[in-house]
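The values are calculated or read from the model by the stated rules, or taken from the named source; none is laboratory data. Remember, it's a predicted structure, so these values are computed and weren't measured experimentally. All Cβ positions, glycine included, derive from the backbone under ideal geometry; neighbour counts span all protein chains shown.
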């Protein structure tokens, strides 16, 4: 295994690196049971979070992960209301170079921005979501959670993604990693929200009956991205809920079949799911949040700032 | 694998471990005793002592610490080591803990082990046991229980092999590297 500077996507991870991250996440998660949850590993290092898009969950998850490794965490506030131009990203890079940051966690609405930053800094760059491209730590925490539930070997398990596949970097990254782990994947979405480049081996369904007939082990609900609906892809929220949402009636069928439910958060209650889903005993949403911290600690531990410039695809 | 004759044979090692166990038994009469091995070769050492002592105590506890996350030299490593994780399956509070390392040298491993231990709880007392003490401390740390003292040159390395990890019980002095 050679040292890596950045984590920009799932594709560029080797099997060995994938195994390193997922295996180390287990002892990191065990730290949460101790009286002192913090280890001194990254003492004196600085982690900067640079979010050009709003985020509560991912950002705070990285903050908790970095703090538990004893790194100093700095939130770099970015004016999210204005359209951020390419120049200002480069300006920001030179600022953070001057701050001698060791790790930069980036989220940006444009695909490829983390890549651009990674090529222009010696700090380790972690992609926390760029455009419709990738969200690698989400995929890693999802697969880590699935491995906990299914006992390590995911080959042959079936997962169906439901919702806005087109705009979801989560669906893209997690789907990719699930398939790499040997899972079968399928999707259910309005025709307007299924990407045109979907490979034929991924089943694309148009209604829940087809999903149930496919006998999934896990249902992965995606958030309806209200902020991306300025061009309407769905006729109305109410109709979306009726046709694609996990309603009480569908939850009953999910429960009867023992299907697990996942969601990357934050959930829109009454849109992609109903309140009752949150108390369903096989709902893995909280487990995903907890595992997110352990997996991000594992990623921070693995990366080597300044080691190689601009690796990754 | 051995590049020279062992400085301690299997029999010598067994004697050393026996001596270690005996001195622990003599000076720790009470209960609430916990033996904690520092991963990696402190673990089989603690297990051996545990086997020798368990009949002498009403309850003797056994644990393991992986000190990787507490090392002071991580920045200098090219690659981060894979983690094994610590396993302390009991409440450490008010326990008398003996921390095991196969060789005590600079004291840095013991320092890391101590720090990690104290993040798991608040033991009543902590002592350090080593199969071999080779001197050369860089930190104010001393071993309370020692199996054997060896004098070797600074450029030499003492490598302790355990059947469970290395396929044989023996101690070698090798050229090059610290430890």
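Some points to look at:
- Lone unmet requirement of (1) more than 21 Å from residue B:28 (Cα to Cα); (2) in contact with a helix residue (DSSP H, G or I) (Cβ under 7 Å, 6 or more places away or on another chain) for residue B:137: (2)
- Residue in the stretch B:67-83 that is away from every other protein chain (no Cβ under 14 Å), within 30 Å of residue A:306 (Cβ to Cβ) and buried (at least 17 other Cβ atoms within 10 Å of the Cβ) present: no
- Checked against (1) touching a helix residue (DSSP H, G or I) at 6+ places or on another chain (Cβ under 7 Å); (2) within 14 Å of chain A (Cβ to nearest Cβ); (3) outside any loop (DSSP other than H, G, I, E, B), residue B:44 meets all criteria but (2).
- Candidates B:117, B:99, B:62, B:139 - the one that is away from chain A (no Cβ under 14 Å), over 25 Å from residue A:21 (Cβ atoms), within 18 Å of the chain's Cα centre (by Cα) and not in a strand (DSSP E or B): B:139
- Test: residue in the stretch A:149-167 that is free of Cβ contacts under 8 Å to residues at least 40 places away in the same chain, under 30 Å from residue A:26 (Cα atoms) and outside any loop (DSSP other than H, G, I, E, B): no
- Residue check, residue B:106 closer than 26 Å to residue A:41 by Cβ and more than 10 Å from chain A (Cβ to nearest Cβ): yes
- Consider the stretch B:124-134 and keep the residues that are touching a helix residue (DSSP H, G or I) at 6+ places or on another chain (Cβ under 9 Å) and buried (at least 21 other Cβ atoms within 10 Å of the Cβ). The one that is farthest from the other protein chains (Cβ to nearest Cβ) is B:132.
Residue-wise test of (1) at pLDDT 95 or above; (2) more than 23 Å from residue A:195 (Cα to Cα); (3) touching a helix residue (DSSP H, G or I) at 6+ places or on another chain (Cβ under 6 Å); (4) surrounded by fewer than 20 Cβ atoms within 10 Å (Cβ to Cβ).
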position	(1), (2), (3), (4)
A:116	no, yes, no, yes
A:120	no, yes, yes, yes
A:132	no, no, yes, yes
A:140	yes, no, yes, no
A:145	yes, yes, yes, no
A:149	yes, yes, no, yes
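- Residues of the stretch B:23-40 that turn out to be surrounded by fewer than 20 Cβ atoms within 10 Å (Cβ to Cβ) and part of a helix (DSSP H, G or I), as a count: 4
- Those residues of the stretch A:180-196 which are modelled with pLDDT of 95 or more and surrounded by fewer than 16 Cβ atoms within 10 Å (Cβ to Cβ), in sequence order: A:182
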